[in-house]
Structure formats: C-alpha cells, structure tokens
1. Per 0.36 nm of contour for each residue apart, how much would the distance between residue 207 and residue 102 grow if the chain were fully extended, relative to their Cα-Cα spacing?
2. With each run of n ≥ 4 DSSP H residues scored as -39500 (n - 2.57), what mean residue ellipticity at 222 nm is computed for the chain after dividing by its residue count and rounding to the nearest 500 deg cm²/dmol?
3. In the P(r) worked out for the range 189-285, what percent of Cα pairs fall beyond 18 Å?
4. Normalized C-alpha radius of gyration of the chain, against 2.2 N^0.38 Å?
5. Between residue 133 and residue 173, what length comes free when the chain is fully extended (0.36 nm per residue of separation minus the Cα-Cα distance, one decimal in nm)?
6. Per 0.36 nm of contour for each residue apart, how much would the distance between residue 147 and residue 77 grow if the chain were fully extended, relative to their Cα-Cα spacing?
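What follows draws every value from the coordinates through simple rules; no lab data is involved. All values derive from a computational prediction rather than experimental measurement.
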C-alpha cells in the first residue's frame, strides 16, 4: 500500500487540477459552441496574479479569490469585446481565441519578461498520509479543487441557473422559446469558465515555473479530457479528467513523460473512436 500511495496521490493531484481547467472548457463549449484556444492563457493569468500579489506581500489564501475575480473580469471583457459578435461562427471563434492566446502571451512577455519565475508555496512542511510522507501543499490543492468542483457542479445541477444552462446546452433554440436569457447565460458561463482556469493556474503556480508558455501544459490535456469525457455534459469533464490524469501520471511513473503522452493520446483516440459522444454519452445511453 505504501509504495502505491505516492503514485495515487500524484494522480489525484494532477486529475483534480485538470478537472478545474476542463470543466471550464466543457461548459463554454457545450453552452456556447466556442472552442476556446485561449483557455490556457486564463490559467496563465491566474498564475501571474499570484506572482504579482505575492510581490505586494499579500497572503496566498487571499490571492486565490483575487485571481478568480481577475480572470472572471478578463473573461467577461473578452466575451463583450470579441466573442459575442462571432458566437455562431465556430471557425471564427477558433481563430479569434488563438489570436487572443498569442496576444496575452506577448503581453506577459512585455510586462514580466520571457524567463521563468518562481512563486513560493504557502505550506512547505511535509505531511504523513497513508503511512508515507507527502507534500502538504499538494494535499491542500486537492482539497481546494475538490471543494471548487463540488460547488461548480452544485451550481450546475442544483440551482435554477444550472437548470437553465443545461437546458441551453441540450437545445438552445427551445431554451430561448421558453424565455431563458441565453445571452446572459453565455456571458456568465464564459466568465465562470475563465475564473475556474484562473484558480487552477493560481494553485499550481507554486509547483510550476511561472512563464508565458505554462498554460499550454494544461490546455492540451484539458481538451483531451473534454473529448474523452464528452462535451454534452458537465460531468464529462470529471470522467475525462480521471481517465487522462490518472493514465498520464501512472504511465509517466513507469516509463517516461514522452512515452506517457504517446500512450495517452492513443488511448484518447481509441475512446473517441469507440465512443464518439464520450464516456458521458455512453452512460446516458
């Protein structure tokens, strides 16, 4: 048990953060039909928010809600200035968000420089769990992301807003006919998705090098998680993140990260080929 505990904890840690990123992607795509290639840059903005806030001496635990609000604000501005004009043109949304991704990266390079920077972790003492010594901060990350995920899924499945959002995801035209304000849903959903990515970047900042390219390391696995889990349901992010996160961590511990990526991509192709609607689509059928 003790020899597998660190691997299981690493897999759970990676999966939980991947879930925060992918659930934002899945609700934006499912509701708005927008393939957001700038989602990794919201992750990036969250990480740099921590870097700046710690430079002003703010405690890390106060920085997390600040990072969420900053990325929500940026997401709302992006929606108001760019996306609302091209909702029904999927190819244009891809090009627009890709261009936005490049612009944000270059802006970060201009402001902070191209080099990697470090953020100090708020907790450094190790903890003993399942009889092994493990990073206490990684355990805190799992607790934080678990609480945020439960809150997000509760919002989507236990509130009137969530009911309206899921109705629009299932049949947008019918939802409009029933009087649901889909424009307000789009705006709120995109801001929420950006905020979740920002929080993920904020909590991961102490464990990664904060640099303009860091968002890419989670964007591609998050898209894989959405495809594997299925874009038709917010729960698809949970299923896809579990599959991608666990398999990537386990395989990388046995071989190398490069081989792990090859095998995970191959696994994703097989799942998408056999389950075109993803795991959540298979469960609904």
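1. Numbers: separation 105, 0.36 × 105 = 37.80 nm, distance 2.39 nm.
So the extension gain works out to 35.4 nm.
2. Numbers: 12 runs with 212 residues, N = 285.
Taking each H run of at least 4 residues, the total per residue is -25000 deg cm²/dmol.
3. Here the tail beyond 18 Å accounts for 52 percent of pairs.
4. Rounded to two decimals, the normalised Rg is 0.99.
5. Numbers: separation 40, 0.36 × 40 = 14.40 nm, distance 5.36 nm.
Full extension from residue 133 to residue 173 adds 9.0 nm.
6. Values: separation 70, 0.36 × 70 = 25.20 nm, distance 2.69 nm.
Extra length from residue 147 to residue 77 when fully extended: 22.5 nm.
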